[in-house]
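Only one structure is covered here, and it is reproduced in the block below.
The values are calculated or read from the model by the stated rules, or taken from the named source; none is laboratory data. The structure displayed is predicted, hence computed values, not measured ones. Here Cβ is always computed from backbone atoms with ideal geometry, including for glycine, and neighbour counts include all displayed protein chains.
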Amino acid sequence: MSASLIYDLVPIGAIVAWSDGSPRPAERFKKKLAAWQTRNNSGRLIRKEGPRQSGNHASPGYFTLHEADFGGKNTVVMRIHRTFGLDANLTFKVLERPAPGSVRVFDRGGPNAELVHLADNREAAAAWLKEHGYPNAVLEEVTADQAAAAHVEGRVA
């Protein structure tokens, strides 16, 4: 699946894998394996943003995937996000869609909102918010239509 199809068809909160199609190097080749993993991995779709025009420069839309958190003892020290333009030359695949009834917690409302948590239900989302404190957070329930939107316009996601 192309990057533009991920942008068009896949709901925020889905787990998406990306690949450049190259074979995985052996574990003993640490540097080659690390380089391969930057072009072949997976993450949760947390943000979509449309194309932009700035003077004479036009940039395509993009989407961002949350790949990993690093830290310890309930403290996140570093977050790894990967951002892909709609013209990315990688292959993408949806591994998991958010379940109907689950609740997406966005850091703020509006078009620049970013997913910060995906809860099983509204009560779990409220409990998570109480613990993590996002004052401008917006809760959005995943509908059955969003979760099952695998066939749109004759294309398969």
Quick one: how many residues across region 98-116 are touching an Asp or Glu at 6+ places or on another chain (Cβ under 6 Å) and aliphatic (A, V, I, L, M)?
2
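Hey, among 4, 42, which residue is among the hydroxyl-bearing types (Ser, Thr, Tyr), in contact with a strand residue (DSSP E or B) (Cβ under 6 Å, 6 or more places away or on another chain) and on the phi < 0 side of the Ramachandran plot? Working first, answer last.
Numbers: 4 fails: in contact with a strand residue (DSSP E or B) (Cβ under 6 Å, 6 or more places away or on another chain).
Result of the check over 4, 42: 42.
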Every residue in region 7-28 that is hydrophobic (A, V, I, L, M, F, W, C), surrounded by 12 or more Cβ atoms within 10 Å (Cβ to Cβ) and assigned to a loop (DSSP other than H, G, I, E, B), please.
10, 12, 14
Please tell me if residue 70 is touching a strand residue (DSSP E or B) at 6+ places or on another chain (Cβ under 9 Å), surrounded by fewer than 12 Cβ atoms within 10 Å (Cβ to Cβ) and not small (Gly, Ala, Ser).
yes
Considering region 33-67 alone, what residues qualify as being in a helix (DSSP H, G or I) and either modelled with pLDDT of 95 or more or closer than 30 Å to residue 104 by Cβ (or both)?
37, 38, 39
